[in-house]
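Since the structure comes first, as structure tokens, the remarks are kept for the end.
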Amino acid sequence: MPLPSVTESAPGSDNYTIANSRALIANVNMDVQAFGITGFTITYPQAATGLSVTLQRTLPLPASGVVDLLTVAPGTDIGGYNITVNIAPPAGGLVLLTCSIENTGGGAFDHTWEIRAKVDAAVTWNLTMTDPGNTTRNFVASDPRAELTAPPAGGSVFENGTVTLAAANASLGTVLGTLPPELAAGYRWSHTGPIAIIDLPKDTPVNSHAVAMPGVYQAVQIQVTVQAAFGGTDANDTTGFLQAVSAPVDVTIKARPQHIVLVLDRSGSMASEGRWDSAVTAARVLTHLFAGAREGVNADDRIGIVVFEDGNCTWHVAPRSAAIETKMPLTALDKAKTDIISLNLGAPGSCTPIGDGLIAGIDLLADDGPVGDKHYTVILLTDGFENAGTIFVGAVDPSVGAGLPAGTIKPVNGPLPDAAHPLRDTVKNAARKFIIGLGATVENAVLNHLATSSGGQFASAATPSELADEFANMLQFSQEVNHLPASTVAPAGVPADPSRAYFATATGAERLVFAVLRGGLAATEASVKLDRWDPAASVFAPQAITVLTSGAHHFASVADLTSVTAGASAIWRVTSVDGANSPLSPLPAANVFAYEDLRVKAAVRLDQPEYLTGDDMILTVLLRHDGSPIPGATVRAELDAPGEGVGEVLSTLGDLKLEKRAKDHPPLPAAMIEQALRQNGWKTWPQISPTGPFVDGTDLLHDPDNDGNYTNTFDQVFKEGVYSWKLFVEGVDLSGNPFSRQLAIATVAGIRVDARATRIRQERVANHPSGMHAVLVTMTPQDVRGERLGPNKDHVVIWALQDGIFEHILNHEPAPVFSDGTYRRVVLYRSGQRPTLAVKANGTVIPRFSIHPSHPSDADPDKGVKQRG
């Protein structure tokens, strides 16, 4: 389509052609002698419809009213000027409008006037200022340039990849002069087609937008457009007077090979509370759900399983432990579906090398040939702090503490070249990581950062019974399938049977996968059956499925759902049956994990990957049906928040009573958490579920702009720990059919240290062996509510001393470490020195202060030391 443009017949001519534009704005300064006349003419096609032409004096303030030049009475006065308009009879298919502006006072200069003209469809205009010598142009603008420059028309992109949409600069050829800020360009990116893209539509102030492409089951063609606008809050604002929409660009989203590896912690601690059995069940369920979701999509899809432990039970040089095993090599999905049923994943054994386990999973992906167009995913489960291996995932190098030279143990996020695995670093950087922490003794902040920094997600399972649900949530995140909430309550109009489970698929859903956990079912149960509600016959009709069964679960799928539902929404019923296919009861809804594909899509996002106490937490759920947002839904939230802050509790433990174990001995932070659980009689870390958690006192997310983005703010991030959200969505899609969704997301909050609330004490140490003056400085970092940073955070407490020396530096010793939430240094200095000290605690700078003890003390600076190093 022709693009809009503004040109002048000659530099400084004050004669402008505005081509291929629905509208124009001209902003000029005019100088007028006393009772002088100035003005302009506008030419436009006689056939144009919806014509509007207005004039306003905008400066000096106060501005005049807006005058409609098509209806203004001759000689109308606006702020000392008479306005007269003459519209000549059409000639040659064109209409000439002449506007005269007559000064009625003593003359004026630098008065600013704005002319606006608009019709229904793009035309060519001519604008001429009738007194060019006394007129200065500020700007003349047509509709903006709306032209997609990337991706190319007819191009293709891969699923699950990030594609940058780009447009020509909206001002290119469409503006003479400089637009004011209120007319800044905005861009709205949209698509049409039979698939939802959660990042579209989207408004941006710049002419590019990175979009995450959804997963597809076959090649899907979409049309992408960009709307550009001058003015308004964004390109979708209907007050944008100048706006245009590009020609659509056809783009094909193609399926790509999906390679996924499960990495399971098989350390000794996984033997307790049924953790390992639950992990094995969750791995089987996830394998089946992934295989069902991707059935027939790409013949090169693969899934593998790695388990990790380390019998060395210490940090050591390479190679990694032989106990880190590939239990399932990257396997085609049809084979994986059967292999996983009887696959022996071993039994829990020794220590926890998280970094080595993760890299073993990466190596499994990297050793499967060239990267090409593969998409890599790692899902890792662990129940503890790392305490062994050759690679670490935490924030502190464990080398020195293990008696090794600094740098011997390599960080997982650093380069890890290995001739035996040449693509290791490439795949490590490309793979999205989804990480589940099981129980209280995990490094939540470390794992959350490792996951979210890769584009993945973190989750926390308080108990083993939650593992299957969390694994399934990771499938939802990684494969963009929709979790269908199951219920024993039948939908309205459907026969009720509380011994069965019901769920619904949405309009246009292309496939259905589901798994049923066998735990808690009748002893004689042997399988499940699936029925679909036939509204015409008012009966449940049996659906033919192939059920795969392991000792802990059943799995089935409907790969071609549209051939069954003809693209309509559907209600399904799952029944537990015995060997004779007779119904059994009960079938708890919590045992059913059902997922559908992508036409009606819901996604949840947080505004930050991690938080500090005192932060606002903004939660957003995005609802899309193909290329359009879904308004009018109900989105309800439930929150599990920490009832006690980790650092605060650990600061109050008193004397440490660490348990000795032959295997998988926890490092000090984990051992302290275990002691806190024992001392307080807690089976899991205390959590609370606040009622009406949001700032408006409700549990609802709102969509005030009707753009399908439902949001609300939680302002009670008061404790260090994990914040886990569950979202429940009920709505009606754009075809008028009801749908429901269940979403989950988790994040971690640390302590925002407050400089004023942090306590600092100085005590003189008498008769120091060095012969120098000695002062013990004790600092207790805490936030404004008194929540302490707590112990084991020495790597984020940085001391900066001037004009003195720390005792441990003088003695060539490691810095002292304490268990009570305090951080201490002994400052040594000689007579005449004036030492000052500043500290940065978890990102907060404690301003520099002078060392001047208020009184002498015989305090032992080592009292309370838990370790050195």
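The values are calculated or read from the model by the stated rules, or taken from the named source; none is laboratory data. None of these values were measured; they are calculated from a predicted model. Cβ sites come from the backbone with ideal geometry, for glycine too, and all protein chains shown count toward neighbours. SASA here: full protein model, heavy atoms, side chains in, ligands and nucleic acids out. Shrake-Rupley method; radii C 1.70, N 1.55, O 1.52, S 1.80 Å.
Key figures
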quantity: For the stretch 510-522, 3J(HN,Hα) per residue [Karplus equation, 6.51 cos²θ - 1.76 cosθ + 1.60, θ = phi - 60°, Hz, x = Gly/Pro]; calculated: 9, 7, 10, 10, 8, 10, 10, 6, 8, x, x, 7, 4
quantity: Other-chain or far-sequence residues with amide H under 5 Å of Ile688's (modelled H); calculated: Ala641, Gly643
quantity: For the stretch 708-781, convex hull of alpha carbons as volume per residue, Å³; calculated: 133
quantity: Spin-label pair Ile809/Asn706, simplified geometry with 7 Å Cα→Cβ offset, distance in nm; calculated: 6.5
quantity: Residue range of the chain that is longest and free of trypsin sites (Lys or Arg not before Pro) which are both DSSP loop and sparsely packed (at most 14 other C-beta within 10 Å); calculated: 1-656
quantity: Size of charge dipole - the stretch 149-288 - debye, nearest 20, with Cβ of Lys, Arg +1 and Asp, Glu -1, no other charges; calculated: 400
quantity: Convex hull per residue volume in Å³, alpha carbons only, for the stretch 496-622; calculated: 161
quantity: Alpha-carbon spread of the stretch 224-376, three principal axes, descending order, Å; calculated: 70, 35, 34
quantity: Interchain or long-range residues, amide H under 5 Å from Asn712's placed H; calculated: Leu619, His702
quantity: For the chain, Cys with no neighbouring Cys Cβ under 4.7 Å; calculated: Cys99
quantity: Cα convex hull of the stretch 52-146 - mean projected area over all directions, nm²; calculated: 7.6
quantity: Debye-sum result for the stretch 288-442 in log10 I(q)/I(0), which assumes one identical scatterer on each alpha carbon, at q = 0.12, 0.18, 0.19 Å⁻¹; calculated: -0.54, -1.16, -1.27
quantity: Gyration tensor (Cα) of the stretch 310-354, equivalent ellipsoid semi-axes in angstrom; calculated: 28, 12, 6
quantity: Relative intensity, log₁₀ I(q)/I(0), of the stretch 574-613 from a Debye sum that treats every alpha carbon as a point, q = 0.23 Å⁻¹; calculated: -0.88
quantity: Val695 versus Thr192: modelled label distance in nm, points set 7 Å from Cα along the beta carbon direction; calculated: 3.8
quantity: Cα-based equivalent ellipsoid of the stretch 595-666: semi-axis lengths in Å, sorted from largest, via gyration tensor; calculated: 42, 18, 10
quantity: Rounded Å value of the spacing that divides the Cα centres of the stretch 370-390 and the stretch 144-213; calculated: 35
quantity: Positive-end residue of Phe434, Ser269, Gly771, charge dipole of the chain with Cβ unit charges; calculated: Gly771
quantity: Calculated diffusion of the stretch 447-550, Stokes-Einstein form, Kirkwood radius summed over Cα pairs, 10 °C and 1.306 mPa s, µm²/s; calculated: 95
quantity: Among beta bridges that DSSP assigns inside the chain, antiparallel share in %, nearest 5; calculated: 85
quantity: Antiparallel DSSP beta bridges within the stretch 193-334, as percent of all bridges there, nearest 5; calculated: 65
quantity: Mean-position separation - Cα centroids, the stretch 240-259 and the stretch 293-323, in angstrom; calculated: 37
quantity: Lys, Arg +1 and Asp, Glu -1 on Cβ, resulting dipole of the chain about Cα centre, debye, nearest 20; calculated: 1460
quantity: Solvent accessible area, Å² - His665, 1.4 Å probe, full protein context; calculated: 70
quantity: Given Lys529/Lys683; Lys335/Lys374; Lys374/Lys601; Lys428/Lys663; Lys433/Lys683, the pairs whose alpha carbons are separated by over 26 Å; calculated: Lys529/Lys683; Lys428/Lys663; Lys433/Lys683
quantity: Linear extension gain, Asp655 paired with Ala755, 0.36 nm per residue minus alpha-carbon span; calculated: 33.2 nm
quantity: Extension gain from Ala10 to Ala406, taking 0.36 nm per residue of separation minus the Cα-Cα distance; calculated: 135.4 nm
quantity: The chain - mean residue ellipticity at 222 nm from DSSP helices (-39,500 (n - 2.57) per run, n ≥ 4, rounded to 500); calculated: -3500 deg cm²/dmol
quantity: Per-bin percent of Cα-Cα distances, the stretch 1-85 [10 Å]; calculated: 12, 42, 35, 10, 1
quantity: The stretch 616-687 versus the stretch 91-110: alpha-carbon centroid distance in Å; calculated: 71
quantity: Built amide H within the under 5 Å cut-off of Ser527, gap 5+; calculated: Val577
quantity: Only Lys, Arg (+1) and Asp, Glu (-1) charged, at Cβ; the stretch 646-755 dipole about Cα centre in debye; calculated: 880
